[in-house]
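Sharing a structure below in C-alpha cells format, with a few things to ask.
The values are calculated or read from the model by the stated rules, or taken from the named source; none is laboratory data. Treat the numbers as computed from the prediction; the structure is a model and nothing was measured. With ideal geometry, Cβ positions are generated from the backbone for all residues, glycine too; neighbour counts draw on all protein chains shown. Only protein heavy atoms, including side chains, enter the accessible area calculation; ligands, DNA and RNA are left aside. Shrake-Rupley method; radii C 1.70, N 1.55, O 1.52, S 1.80 Å.
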Amino acid sequence: MSERTYPVSPEWAKRAYVDDAKYKDMYARSVKDPDGFWGEEGKRLDWIKPYTKVKNTNFGPPDVSIKWFEDGTLNVSANCVDRHLAKRGDQTAIIWEGDDPTKSKLITYRQLHEQVCRFANVLKAHGVKKGDRVTIYLPMIPEAAYAMLACTRIGAVHSIVFGGFSPDSLAGRLEDAKSSVLITSDEGVRAGRPVPLKANADAAAEKAPVKTMIVVQHTGGKVTMKAGRDVWYHEEAAKVPADCTPEEMSAEDPLFILYTSGSTGKPKGVLHTTGGYLVHASMTHQYVFDYHDGDIYWCTADVGWVTGHSYIVYGPLANGATTLMFEGVPNYPDESRCWQVIDKHKVNIFYTAPTAIRALMQKGDGPVKKTSRASLRLLGSVGEPINPEAWEWYHRVVGDDRCPIVDTWWQTETGGILITPLPGATVLKPGSATRPFFGVQPQIVDADGKVQEGATEGNLCIVDSWPGQMRTVFGDHERFIQTYFSTYPGKYFTGDGCRRDADGYYWITGRVDDVINVSGHRMGTAEVESALVAHDEVSEAAVVGYPHDIKGQGIYAYVTLMAGVAPSEDLRKELVQWVRKEIGPIASPDVIQFAPGLPKTRSGKIMRRILRKIAENELGSLGDTSTLADPAVVDDLVANRGK
Ligand code: 6R9
C-alpha cells in the first residue's frame, strides 16, 4: 500500500468544523459518554416531544435490541423541509440534472414543501396509513425524493427498489415487504436510452400483491394503464391540497426498508428507524463533507442504494443543503460529463465511487482537463476500497492537487458513514478510510474472535452501537442476530476484512469472503488488485482465489488494460513480476486473464461470485447473471478463460 501521506492544509484546518485536536477530543467524549455526546447531538433535529432517554442498546448474546432517543417524537419530512422554510424557502433544495445535458431543474425548499405535501396527500387518498409499506421504483427524478419524503410525512415505510432491477427482483421485494402500493414512472432514461420501468412494474405486479400503482409521467413514453389499479400521479396530485400536517412519529418507528444482498440467502430487508438514523445522516453529512451554508453538494449515487438515501436525500436535506440529483451516467454524452456538470452548477463537494473513478481514469486526463472544476473543494469516495493509484489520479487530475479526498467506509446496515477522514482533521493516506467517526468503536478480531491490538489485520467488528445502525431484518429478527451478531457474539460483524496500521488507520481489504489463502498466507484481493492497477498499462483488475493443488488457493487475476494497450505474453509476465515486486512473491498471480470488461452490478460492484466460478472452471454454476450491468461480459470471460 502507498506510504505517501497528504497533510491537512492550513486553510482546511481553519475553515473546517473539526480540526485534529477537536476530533480527538470529540471522539474521546463520544465513546466515554455516549449519552451525553449523542444527547447533545440529537438537538440538531427538531423534536415534537424531546427525548429524555438517549442510548438503550444491547448487542447480546442472546438478544439484540437497539434503541436511540426512544421516548422522543419527530417527523423526518418536517426536519428535511418545513423547518427550513422560514430561513431558506427560496434557496434551491434540489438541483436536478437530466440525462440529456440540456435538461435541468432547480427546486426550492418552498417548492419541495408543496410537492412533498401533495404526494403525501395522494398516498393518503389511496388509503396509505402510518406503518404501511410503499415500494418506490423510480428513476433519478425529483419525484423520487418527493415520494420518499411524502412517505415519511405520513409515517409510511418506503422500500426503494433500484430501477435497474428486474421484474422478478421487484416482485420478490414487494412480496417480502407485504407492500401493496407501488410508485413508478412511465420510463427512465440512461445514456439516451429509455428504461421500461412501467412495463417492468406491470410484470412484477403479475406476481406480487400490488393493489395501487401510482405512475409518474416522465418521458411521455407509451404505457398501458390497468383500470382500477393504475393512476397517473399528475392527475391525482391536481385533486389534493398542497398542505399536509406531518405525522408525529416515535424515534424508533420504522423509516425505511432497503434490500441488500448478503453472502447467503435472498436479499435482506434492512430496516432503519426514524430518530437515530436522521441524527447520524445529518451529522455525518455536515462533518465528513464539511458542509457549510451555500455549498453545492453532489453525490452521484442512485436513490436505489443506501448512499442515495443518506447522502442525496436525508442527510443533505436535514441540513438545509443544496443537493444535486443526476439522472445520467458519467460517460454520456462523453467522458467529460461529470466535470461539465460540476462547472455548470458550480459544485463544491463531489462524492462518487471508485469504479467510476477508474473508468474515467482509463480515458486519460484529457476529458477532465478540458473543464475548469474551479468550484470543487472536496472529493469523496464510497462503495469499495479505492486503490491508491485511482486515489492519486482523483486527487491530482480531478482535484488539481487541491481537494482533500474523504474515503468513507460504511454499509447499508450502518445507515451512515462509520470510518472516514474529516477534511480539516485527518492526514490522508491514499487507500485508507483512516479513522472512526464519532461514537464508532472498531475492533479487529481473528477468525476465532480473539481481539487483535495495535498494528494488525483481521475481521472488522464494531463493539458498540451508533444511532444510524439498522434495527432488524424486516420480518426476521432472528436472521438479523444470526447474520451480524453470531459470528462474534456481542459484536456487530461487518463482513469486511481490515488492516490497522501503526498510526491507528483502518484499511478495508474487502469482504472477508474475498480473502484468499495462499500457502497459508492470507491476502486481500484488494491488495493484489491495487498492485495491478498501479501498473501504467492496467485500468482495472479483479482478483479471486481458485483451488490450487499445492498452495491451497491460487491467485486468479482478471485484468482490464488501458485503452489502446494490446494484451501479450510479455505483458502477462511483466505483470506477474510487477506484483511480486509490489507485494512479494506470495502474491504472484497464477493466472492473468486479460478481460475487456468485468462483470459488475448496476451499482458498480464487481461480481466476484461469477469471477470465482469462472476461475474455478465451474462454468455450469455461474448462477444468476441477470442483475449485471452488462451480462455479455461473462460470455467473453468464459470464452477466453485462462487467456
Ligand atoms: C455504502 C455502501 C457495503 C460494503 C462494505 C465494504 C464496501 C463501502 C467502502 C467499502 C472500502 C470504502 N465498502 N465503502 N470498502 N472502502 N470506503 O457501499 O453500502 O452497498 O451496503 O456496501 O461495501 O465491503 O461492507 P453497501
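Considering each of VAL559, VAL579, VAL543 in turn, give the residue that is in contact with a Leu (Cβ under 7 Å, 6 or more places away or on another chain) and at pLDDT below 95.
On the way: VAL559 fails: at pLDDT below 95; VAL543 fails: in contact with a Leu (Cβ under 7 Å, 6 or more places away or on another chain).
Going through VAL559, VAL579, VAL543 in turn, just one is in contact with a Leu (Cβ under 7 Å, 6 or more places away or on another chain) and at pLDDT below 95: VAL579.
Being among the hydrophobic types (A, V, I, L, M, F, W, C) and open to solvent by 20 Å² or more (accessible area, probe 1.4 Å) is the requirement here; does PHE165 meet it?
On the way: among the hydrophobic types (A, V, I, L, M, F, W, C): yes; open to solvent by 20 Å² or more (accessible area, probe 1.4 Å): yes.
The answer is yes for PHE165.
Still on this structure, I have one more. Going by what's in this entry, would ALA21 be described as open to solvent by 70 Å² or more (accessible area, probe 1.4 Å), small (Gly, Ala, Ser) and closer than 30 Å to ARG402 by Cβ?
Working: open to solvent by 70 Å² or more (accessible area, probe 1.4 Å): yes; small (Gly, Ala, Ser): yes; closer than 30 Å to ARG402 by Cβ: yes.
Judged against the criteria, ALA21 is a match.
Then there's this: Do you know which residues across the range 592-643 are closer than 13 Å to TYR546 by Cα and out of contact with any helix residue (DSSP H, G or I) (no Cβ under 7 Å at 6 or more places or on another chain)?
ARG609, LEU611, ARG612, ALA615, GLU616, ASN617, GLU618, GLY642
A quick yes/no check of all residues on (1) within 20 Å of MET249 (Cβ to Cβ); (2) under 22 Å from the mean Cα position of the chain (by Cα); (3) modelled with pLDDT of 95 or more; (4) of a type outside the set (A, V, I, L, M, F, W, C):
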{"position": "LYS124", "(1), (2), (3), (4)": "yes, no, yes, yes"}
{"position": "LYS129", "(1), (2), (3), (4)": "yes, no, yes, yes"}
{"position": "PRO142", "(1), (2), (3), (4)": "no, yes, yes, yes"}
{"position": "LEU174", "(1), (2), (3), (4)": "no, yes, yes, no"}
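Is there any pair linking a residue in the range 544-559 that is open to solvent by less than 10 Å² (accessible area, probe 1.4 Å) to one that is small (Gly, Ala, Ser) and assigned to a loop (DSSP other than H, G, I, E, B), with Cβ under 6 Å and at least six apart or on different chains, and which?
Final answer for the pair search is TYR558/ALA595.
Let me ask you something else. Tally time: how many residues in the range 459-516 are more than 12 Å from the ligand (Cβ to nearest atom), open to solvent by 10 Å² or more (accessible area, probe 1.4 Å), in a strand (DSSP E or B) and farther than 17 Å from SER432 by Cβ?
Residues that pass the stated criteria total 1.
Follow-up. Quick check on the range 388-414: of everything there that is within 11 Å of the ligand (Cβ to nearest atom) and over 22 Å from ALA425 (Cα atoms), which residue is least open to solvent (accessible area, probe 1.4 Å)? Give the steps one after another, and end with the answer.
In the first step, residues of the range 388-414 are kept if they are within 11 Å of the ligand (Cβ to nearest atom); the result is 391, 405-414.
Subset that is over 22 Å from ALA425 (Cα atoms): 411-414.
Working: GLN411: 16, THR412: 24, GLU413: 20, THR414: 0 Å².
Ranking the candidates gives THR414 first.
What is the one condition in (1) touching a Gly at 6+ places or on another chain (Cβ under 8 Å); (2) open to solvent by less than 60 Å² (accessible area, probe 1.4 Å); (3) in contact (Cβ under 8 Å) with a residue 40 or more places away in the chain that ILE610 does not satisfy?
ILE610 satisfies every listed condition except (3).
Identify, please: which residue in the range 432-451 is open to solvent by 10 Å² or more (accessible area, probe 1.4 Å) and part of a loop (DSSP other than H, G, I, E, B) and is, among those, nearest to LEU379 (Cα to Cα)? Give the steps one after another, and end with the answer.
So in the range 432-451, the residues open to solvent by 10 Å² or more (accessible area, probe 1.4 Å) come out as 435-436, 441-443, 446-451.
Checking the rest, the ones that are also part of a loop (DSSP other than H, G, I, E, B) come to 435, 441, 446-450.
Working: ARG435: 17, GLN441: 25, ASP446: 33, ALA447: 35, ASP448: 38, GLY449: 36, LYS450: 36 Å.
Among them, the one singled out is ARG435.
Another question about this same structure. List the helices (runs of 4 or more DSSP H) inside the range 290-367, counting only whole elements, that have at least 3 residues being within 16 Å of the ligand (Cβ to nearest atom) and open to solvent by less than 10 Å² (accessible area, probe 1.4 Å). Even if it seems obvious, please write down each step before you answer.
Numbers: elements: 315-318, 337-345, 354-362.
In the range 290-367, no matching helices (runs of 4 or more DSSP H) lie anywhere.
Of the numbered conditions (1) within 25 Å of ASN75 (Cβ to Cβ); (2) among the aliphatic types (A, V, I, L, M); (3) in contact with an Asp or Glu (Cβ under 8 Å, 6 or more places away or on another chain), ALA208 satisfies every one except a single condition; which is it?
(1)
Hey, GLY228 hits all of (1) outside any loop (DSSP other than H, G, I, E, B); (2) on the phi > 0 side of the Ramachandran plot but one; which does it fall short on?
Tallying (1) outside any loop (DSSP other than H, G, I, E, B); (2) on the phi > 0 side of the Ramachandran plot, GLY228 fails exactly one: (1).
Further question: Between LYS87, LYS24, which is out of contact with any strand residue (DSSP E or B) (no Cβ under 8 Å at 6 or more places or on another chain), in contact (Cβ under 8 Å) with a residue 60 or more places away in the chain and part of a helix (DSSP H, G or I)? Write out each step before concluding.
Numbers: LYS24 fails: in contact (Cβ under 8 Å) with a residue 60 or more places away in the chain.
Residue meeting the stated conditions: LYS87.
Here is a follow-up. List every residue pair whose Cβ atoms lie under 6 Å apart, where the two residues are 6 or more positions apart in sequence or sit on different chains, the first residue falls within the range 398-415 and is in contact (Cβ under 8 Å) with a residue 24 or more places away in the chain, and the second residue, located anywhere, is open to solvent by 10 Å² or more (accessible area, probe 1.4 Å) and within 6 Å of the ligand (Cβ to nearest atom).
THR408/VAL382; TRP409/ILE508; THR412/THR260; THR412/VAL306
Mind counting the residues in the range 220-243 that are within 31 Å of the chain's Cα centre (by Cα), surrounded by fewer than 17 Cβ atoms within 10 Å (Cβ to Cβ) and not small (Gly, Ala, Ser)?
Residues meeting the conditions: 2.
Could you tell me which residue of the range 428-457 is nearest to the chain's Cα centre (by Cα), considering only residues that are away from the ligand (no atom under 14 Å from the Cβ) and of a type in the set (A, V, I, L, M, F, W, C)? Give the derivation first.
Here is the first cut: in the range 428-457, the residues away from the ligand (no atom under 14 Å from the Cβ) are 438-439, 441, 443-457.
So of that shortlist, the ones also of a type in the set (A, V, I, L, M, F, W, C) come out as 438, 444-445, 447, 451, 455.
On the way: PHE438: 20, ILE444: 23, VAL445: 25, ALA447: 27, VAL451: 28, ALA455: 28 Å.
Looking at the filtered set, the residue picked out is PHE438.
Out of SER626, SER621, SER568, which single residue is open to solvent by 30 Å² or more (accessible area, probe 1.4 Å) and modelled with pLDDT of 95 or more? Show your work before the answer.
Values: SER626 fails: modelled with pLDDT of 95 or more; SER621 fails: modelled with pLDDT of 95 or more.
When all the criteria are applied, what remains is SER568.
Related question: Residue check: is ILE550 more than 26 Å from SER169 (Cβ to Cβ), β-branched (Val, Ile, Thr) and modelled with pLDDT under 95?
yes
I would also like to ask the following. I'd like the full set of residues that are open to solvent by 30 Å² or more (accessible area, probe 1.4 Å), among the small types (Gly, Ala, Ser) and either touching a Lys or Arg at 6+ places or on another chain (Cβ under 7 Å) or under 21 Å from THR323 (Cα atoms) (or both), limited to the range 87-134.
Of everything in the range 87-134, just one residue is open to solvent by 30 Å² or more (accessible area, probe 1.4 Å), among the small types (Gly, Ala, Ser) and either touching a Lys or Arg at 6+ places or on another chain (Cβ under 7 Å) or under 21 Å from THR323 (Cα atoms) (or both), namely SER104.
Based on this model, can you work out whether PRO421 counts as touching a helix residue (DSSP H, G or I) at 6+ places or on another chain (Cβ under 6 Å), of a type outside the set (S, T, N, Q) and crowded, with 23+ Cβ neighbours inside 10 Å? Spell out how you get there, then give the answer.
Values: touching a helix residue (DSSP H, G or I) at 6+ places or on another chain (Cβ under 6 Å): no; of a type outside the set (S, T, N, Q): yes; crowded, with 23+ Cβ neighbours inside 10 Å: yes.
Criteria not met by PRO421.
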